[in-house]
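What follows is a single structure, written as structure tokens, with notes after it.
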Amino acid sequence: MVERRGPENLPDSPGVYLFRGDKGKILYVGKALSLRKRVASYFNPAAGGAKEEALRRLHREVETISTRTELEALLLENTLIKKHRPRYNVCLRDDKTYPYIKVTTGEPWPRALVTRRVEDDRHSYYGPFWGGLARRIMRMITRHFQIRTCTIEIDGNLPRPCLYYDLHACLGPCVRGLTTKEAYDGAVADVVLFLEGKNRELEASLTEKMRAASDAENFEMAAAYRDALRTVRDVSEHQVVQSLKGENVDVFGFFEAGQDVAVCVLVVRGGVLQDRRDFFFEKAQELDPAPFLEAFLPQFYDANPFLPAEIHLPMTIPGARLVEEYIAAKRGAKVAVRAPQRGPAAERVKMAETNARERHRVRFRRTGGEEAVAVERLGRAIGLSVPPRRIEAFDISHTQGTDSVASMVVFEEGKPKKAEYRLFNIEAQGLLEPDDFRSMAEVVERRYRRRKEEGADMPDLVLVDGGRGQLQAALTALDRLGLDLPAVGLAKREEEIWVPGRPDPVRLSRKDPALQLVQHARDEAHRFAITRHRARRGKRMRQTSLTEIPGIGPARARALLRRFGSVKGLKGADPREIEAEVGPATARAVAEYLSGHGGSATP
């Protein structure tokens with residue numbers, strides 16, 4: 001083999017170097033304080049590992065770009081990595097930013113939504129938020145302040161409002177007469193006060209509105225303001241507890257096995273652990289934790305603008321000073337990157353490493369089989385910080401609003417747990433039209449009210465059969481109970497997963513294990529519900545038609561059906577056999593009833 005020699009006459013200055021392979025394809029991008037010394041180190045056969053050996057073997061040329069400072073080199077390196085995603089670099093593919101709440105105050109009828117992009121567009125942005133906080137805040141906005149989340153043009157000319165108005169999640173500005181501009185602007189102002197943390201002013205505003213509604217004998221609205229006031233006070237107390245601690249830190253954990261890497265980031269804000277983010281790299285080319293994290297950190301903080309005062313790592317990285325300088329320039333304030341050795345900070349780093357090891361086990365080793373993979377993928381697809389190991393799925397079955405039953409099935413670790421399946425008779429019967437939304441809200445509230453009263457464990461995910469409407473009904477029921485459970489809806493037509501706070505559904509491949517898991521849970525809930533529903537409907541049709549006959553009660557109806565099999569069999573039976581079963585008077589009543597209905601009562 002011909003020994004490759006490094007390029008000569010490189011500048012002894014900061015800059016970026018690019019290893020190019022066949023057809024000029026970029027294999028690796030690196031930065032250096034001295035391009036001459038750093039590039040030369042790759043061509044020392046006694047130095048480096050598998051990555052360096054591969055670059056020596058595969059490269060065709062080395063290109064360099066000089067910069068004035070090492071920080072400029074880091075910025076350029078990060079840009080080139082994001083643009084070209086070289087094979088031998090650490091490339092952060094999950095570069096989504098944290099979510100913000102956007103209130104479109106530049107519109108006549110403002111709306112609220114979750115966004116990950118902050119733009120200069122005359123609207124108002126609040127955040128960022130971690131974990132499921134943005135979703136919870138959106139639910140509070142719709143539940144307590146009732147400003148719209150839709151994108152329709154508001155001119156007041158729609159004939160009727162949408163489902164959100166019926167669920168008390170919107171004031172209904174789309175229909176003239178349901179609200180006024182003054183009342184709607186007042187609700188928007190309250191939302192802004194809430195998001196800005198001006199809870200004292202908001203409490204005064206809500207108290208005044210509650211009293212005004214009570215004086216006007218609008219007690220339902222007064223109760224809504226009362227609930228909003230209670231929520232704001234709870235949030236205020238929680239914020240005070242957090243502000244007393246005052247620590248803003250990102251804690252990193254690293255674990256590698258089989259060339260597969262897991263990185264766990266614990267987000268601590270106000271001294272409170274608010275989120276955990278996981279990143280995975282299959283067959284990574286860089287396996288040494290220190291250089292790996294040194295390459296990972298600039299990409300991570302380039303994607304997320306809310307930066308901490310401290311970054312805690314499991315080991316010291318060689319470029320800590322440069323990373324501090326890079327992040328401080330973005331933050332506009334000093335940032336410390338360190339590897340704590342003792343005390344609470346070191347314990348938190350251990351916790352991050354434990355999480356990284358556990359996430360690696362689930363992601364790469366697949367100890368639990370394909371079910372574990374499906375659970376893991378589902379958690380990532382819908383934005384959960386941990387996989388939903390226990391899923392409870394709900395389905396409603398009825399015939400034109402009658403004989404409504406609901407089913408609830410349980411999946412643990414991706415497998416059905418049939419001993420915990422439950423059925424519910426829907427109390428709201430006799431409706432002119434089927435009302436799946438009301439039924440879904442009823443059964444979800446009944447299920448979790450009892451679990452809450454019993455102090456039982458809650459599921460990691462609530463799955464409802466249906467789209468945005470059924471999901472909103474379930475969320476409203478959970479809100480009434482003061483529960484914050486992750487919930488999604490699976491719409492049948494396109495098999496789309498609706499996630500709260502997202503304007504568009506999650507669309508997965510039909511072969512994706514995550515979609516197959518929720519389909520299995522949904523279909524199992526439907527099967528369980530429809531079995532009960534058919535039995536209940538058949539029993540009602542058989543018994544109700546016969547109990548209309550004078551002298552026939554439920555017991556005699558069951559006896560006749562056992563004897564003759566069906567109403568049709570009863571109609572064709574010998575009158576003497578019927579008389580022997582129920583007596584002559586009742587037998588004549590049965591004959592008159594059946595002749596009058598012409599057999600239409602036959603199930």
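Here are a few things to note about the model shown:
- Whenever a residue of region 435-463 is more than 13 Å from residue 475 (Cβ to Cβ), its partners that are crowded, with 20+ Cβ neighbours inside 10 Å and among the aromatic types (Phe, Trp, Tyr), lying with C-beta atoms within less than 7 angstrom and at least six residues away or across chains, give the pairs 443/394; 443/424; 446/424.
- From the options 451, 446, residue that is surrounded by fewer than 20 Cβ atoms within 10 Å (Cβ to Cβ) and in contact with a Phe, Trp or Tyr (Cβ under 9 Å, 6 or more places away or on another chain): 446
This table checks each residue for (1) of a type in the set (Val, Ile, Thr); (2) at pLDDT below 85; (3) over 41 Å from the mean Cα position of the chain (by Cα); (4) in the same structural domain as residue 325 (by TED's automatic domain parsing).
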| position | (1), (2), (3), (4) |
| --- | --- |
| 8 | no, yes, yes, no |
| 38 | no, no, yes, no |
| 45 | no, yes, yes, no |
| 50 | no, yes, no, no |
| 63 | no, no, yes, no |
| 66 | no, no, yes, no |
| 70 | no, no, no, no |
| 76 | no, no, no, no |
| 94 | no, yes, no, no |
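- Filtered by the rule that a residue be within 14 Å of residue 559 (Cβ to Cβ) and either crowded, with 16+ Cβ neighbours inside 10 Å or modelled with pLDDT under 80 (or both), region 570-597 gives 570, 573, 578, 579, 581, 582, 586, 587, 590.
- Residues of region 30-69 that are within 25 Å of residue 303 (Cβ to Cβ) and surrounded by fewer than 19 Cβ atoms within 10 Å (Cβ to Cβ): 65, 69.
- The single residue among 240, 232, 323 that is over 26 Å from the mean Cα position of the chain (by Cα) and at pLDDT below 70 turns out to be 240.
- Taking the criterion of being within 15 Å of residue 171 (Cβ to Cβ) and either among the aliphatic types (A, V, I, L, M) or exposed (fewer than 13 other Cβ atoms within 10 Å of the Cβ) (or both), the residues of region 219-230 that qualify are 220, 221, 224, 228.
- One residue from 303, 216 being surrounded by fewer than 16 Cβ atoms within 10 Å (Cβ to Cβ), within 25 Å of residue 77 (Cα to Cα) and at pLDDT below 85: 303
- The residues listed here are 483, 508; of these, the one that is under 16 Å from the mean Cα position of the chain (by Cα), modelled with pLDDT of 90 or more and not assigned by TED's automatic domain parsing to the domain that holds residue 136 is 483.
- Inside region 23-35, residues that are in contact with a strand residue (DSSP E or B) (Cβ under 9 Å, 6 or more places away or on another chain), of a type in the set (Lys, Arg) and assigned to a helix (DSSP H, G or I) make up a count of 0.
- Region 333-349: number of residues that are of a type outside the set (A, V, I, L, M, F, W, C) and under 14 Å from residue 267 (Cα atoms): 1
- Selection count where residues are touching a Leu at 6+ places or on another chain (Cβ under 9 Å) and surrounded by fewer than 18 Cβ atoms within 10 Å (Cβ to Cβ), scope region 72-90: 3
The values are calculated or read from the model by the stated rules, or taken from the named source; none is laboratory data. Please read all numbers here as calculations on a predicted model, not as lab measurements. Note: ideal-geometry Cβ built from the backbone for every residue, glycine included; neighbour counts use all protein chains shown.
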